[in-house]
Amino acid sequence: MASGKHLSISGKDLQRKGYAIEVRIYAEDSKTFFPSPGGIIEFQLPQGKGIHNKCAAEAGSHMTPLYDPMISKLIAWDETRSGARTRMKGTLENYKNEGIKTIFQC
């Protein structure tokens with residue numbers, strides 16, 4: 001569409017299937033909501049069925065206070081809402097970050 005071409009399918013061809021939950025991880029102090037600049041020492045994103053990570057950070061990355069403090073987006077999908085919620089909970093339990101403060105702390 002961006003190049004001016006038509007899609008090969010239409011909206012009526014699409015079907016909804018399942019549920020997705022997205023969580024955004026920010027380099028911010030959870031008490032003050034101020035940016036938490038510094039170096040990321042250890043960083044591990046959960047992997048697995050129904051899990052999608054959008055992230056440009058890695059161990060050794062430096063978070064600056066001059067730009068958007070978002071570190072990553074984690075998305076959990078399942079066929080049911082409760083399944084997606086359970087999957088996200090497990091994903092967050094396996095999220096590892098050391099070196100900077102985040103809104104989410106395991």
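The values are calculated or read from the model by the stated rules, or taken from the named source; none is laboratory data. Predicted, not measured: the structure shown is a model, and the values here were computed from it. Here the Cβ is made from the backbone with ideal geometry for all residues, glycine too, and neighbour counts use every protein chain on show. SASA here: full protein model, heavy atoms, side chains in, ligands and nucleic acids out. Shrake-Rupley method; radii C 1.70, N 1.55, O 1.52, S 1.80 Å.
Can you spot a residue in the stretch 11-18 that is at pLDDT below 90, open to solvent by less than 100 Å² (accessible area, probe 1.4 Å) and in a loop (DSSP other than H, G, I, E, B)? Talk me through it step by step, then tell me what you get.
Step one: of the stretch 11-18, the residues at pLDDT below 90 are 11-16.
Retained after the next criterion (residues that are open to solvent by less than 100 Å² (accessible area, probe 1.4 Å)): 11, 13.
Subsequent filtering for residues that are in a loop (DSSP other than H, G, I, E, B) retains none.
Within the stretch 11-18, not a single residue is at pLDDT below 90, open to solvent by less than 100 Å² (accessible area, probe 1.4 Å) and in a loop (DSSP other than H, G, I, E, B).
Against the list (1) surrounded by fewer than 14 Cβ atoms within 10 Å (Cβ to Cβ); (2) assigned to a strand (DSSP E or B), the condition residue 30 fails is (2). Sort out which residues of the stretch 33-47 are within 13 Å of residue 94 (Cβ to Cβ) and surrounded by 12 or more Cβ atoms within 10 Å (Cβ to Cβ), and write them in order of number. Once the filter is applied, which keeps residues that are within 13 Å of residue 94 (Cβ to Cβ) and surrounded by 12 or more Cβ atoms within 10 Å (Cβ to Cβ), the stretch 33-47 yields 43, 44, 45, 46. I'd like the full set of residues that are of a type in the set (Phe, Trp, Tyr) and outside any strand (DSSP E or B), limited to the stretch 33-47. Of everything in the stretch 33-47, those that are of a type in the set (Phe, Trp, Tyr) and outside any strand (DSSP E or B) turn out to be 33, 34. Filtering the stretch 53-91 to residues that are more than 22 Å from residue 32 (Cα to Cα) and aliphatic (A, V, I, L, M) leaves 56, 57, 59, 74, 75, 76, 84, 88.
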